[in-house]
Amino acid sequence: MKKVLITGAAGFLGSHLTDRFLKEGYYVIGMDNFITGDKKNIKHLEHNPNFEFIDHDVTKHISIDGDLDYILHFASPASPIDYLKIPIQTLKVGSLGTHNLLGLAKAKRSRILIASTSEIYGDPLVHPQTEDYYGNVNTIGPRGVYDEAKRFQESITMAYNRFHGLETRIVRIFNTYGPKMRLNDGRVIPAFMGQALRGEDLTIFGDGSQTRSFCYVDDQVEGIYRLLLSDYDHPVNIGNPHEISIKDFAEEIIKLTGTQQKVIYQDLPVNDPMQRQPDISLAKKLLGWEPKVSRAEGMKITYDYFKSLTEEELYKSEHKDFSNYTTK
Ligand code: NAD
Ligand code: UDP
């Protein structure tokens, strides 16, 4: 049985990847420190003999017994309001955490896949974004803690590939959504759906002309799975190229949820990218992959998930409490 370590396993993408790898017949070791994740996302695996969980902060030394075939490094805050609240932890998990995982991969001779992001393109001057675009990132802006950690992560991964001959894969993930996102993580889909369910107005940041391209989680997981098993070691964009402005998207959510509320406008966060759309030609050619789930289908499934949450979860404090968290 092949063995895979998935960091960030209690988070949104990590928990979906864990389910997928178990379904494919792998033995999965999940690792997480729950800083932005939720025990609920892996609760159904408690008695699964092919799953084991290690509560661990990946910025600290990592020890794993026995062999490891694959490592998927997905631990990192991913929502802007999360990484703005824990900026140093975000820099550490992308740099020190990645260094630890690359060291582990080298010691175990594992293939390692690193979760990078469309944020490495910053506020892009090339549209749609192709993998050969170097990006437009403000190193000292508030989002720099995430963007630069991820850019460093790509660099150190390629250095281990070139210097140590490590088998590495880099996925540049564009905005992905689906069940198990944290309702209060601040990202636009849970934010709008939570507002609709609580009978609040939908908050559009800026004038809503900025664009995003949303990928349903099952499509994302399929792309990542194929990339891991491919023999390509340079970065690959995985996302859904169907682009929409945030203003039009808010209208779609209003229709989908049937909310009587209106939209209200708030300040645009600093360095919020104005446009984002993946060019997925490379993924199509290399992996024979393209997204299959339309936004209408994916949004419906996601809304059904948020509707199934308890009143307590729906009204839980606006944001996760990081006050007990130390970066030491
Ligand atoms: P998430 O916040 O739901 O999951 C991240 C998980 O990592 C959480 O469970 C968190 O507790 C864990 N974690 C954070 N720091 C840790 C540490 N030091 N040690 C151990 N565990 C730690 O976010 P997500 O959306 O699932 O994102 C997962 C990965 O995918 C991240 O690396 C993110 O940068 C990347 N990504 C996601 C998206 C997206 O649209 N969801 C887009 C681009 C990139
Ligand atoms: N956004 C918004 N209202 C919200 C939350 C987000 O208008 O309540 C906007 C945000 O400014 C950004 C887009 O939606 O332009 C996507 O934001 P998200 O945090 O989901 O992801 P990212 O900016 O990382 O792509």
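Points worth noting:
- For the listed peptides 170-176, 61-67, a ranking on the average number of other beta carbons within 10 Å per residue, highest first, reads 170-176, 61-67.
- Where labels lie 7 Å past Cα in the beta-carbon direction, separation of Glu290 and Phe152 in nm: 3.8
- Taking Cα centre as origin and charging only the Cβ of basic (Lys, Arg, +1) and acidic (Asp, Glu, -1) residues, the dipole magnitude of the stretch 86-217 rounds to 760 debye.
- Rounded to 10°, Cα long-axis angle of helix 217-229 versus longest principal axis of the chain: 20
- Carbon plus sulfur fraction of accessible area for the stretch 219-328, probe 1.4 Å, in percent: 50
- Cα-based Kirkwood hydrodynamic radius, the stretch 1-93, one decimal, Å: 13.4
- Value of D in µm² per second that Stokes-Einstein yields for the stretch 46-178, Kirkwood Rh from Cα pairs, at 25 °C (0.890 mPa s): 155
- Cα long-axis angle, helix 98-108 against the chain (0 to 90 degrees, to the nearest 10): 40
- The chain, dipole about Cα centre (Lys/Arg Cβ +1, Asp/Glu Cβ -1), debye to the nearest 20: 560
- Extreme residue, positive dipole direction of the stretch 162-218, given options Asn184, Gly165, Gly194 (C-beta unit charges): Gly165
- The stretch 1-58 and the stretch 91-150 have Cα centres separated by 22 Å.
- Under 12 Å, Cβ to Cβ, from Lys108 - net charge with Lys/Arg +1 and Asp/Glu -1: 0
- Whole-percent pair-distance distribution, where bins are 10 Å wide, for the alpha carbons of the chain: 6, 27, 37, 24, 6, 0
- Against the main long axis of the alpha-carbon atoms of the chain, helix 295-307 sits at an angle near 90°.
- Tyr305-Ser230 FRET efficiency (beta carbon distance; Förster radius 41 Å; 0.05 resolution): 0.85
- Per principal axis, descending, Cα span of the stretch 193-328 in whole Å: 47, 43, 33
- Using the 1.4 Å probe convention, the accessible area of the chain works out to 44 Å² per residue with neighbouring protein chains retained.
- Each 5 Å bin from zero up to the one holding the largest Cα-Cα distance in the stretch 247-307 carries the following percent of pairs: 4, 12, 15, 17, 17, 19, 10, 5, 2, 0.
The values are calculated or read from the model by the stated rules, or taken from the named source; none is laboratory data. Everything numeric in this text was worked out from a predicted model, so none of it was measured. Backbone-built Cβ (ideal geometry, glycine too); neighbour counts: all protein chains shown. Note: accessible area is taken over every heavy atom of the protein model, side chains too, but ligands, DNA and RNA are not part of it. Shrake-Rupley method; radii C 1.70, N 1.55, O 1.52, S 1.80 Å.
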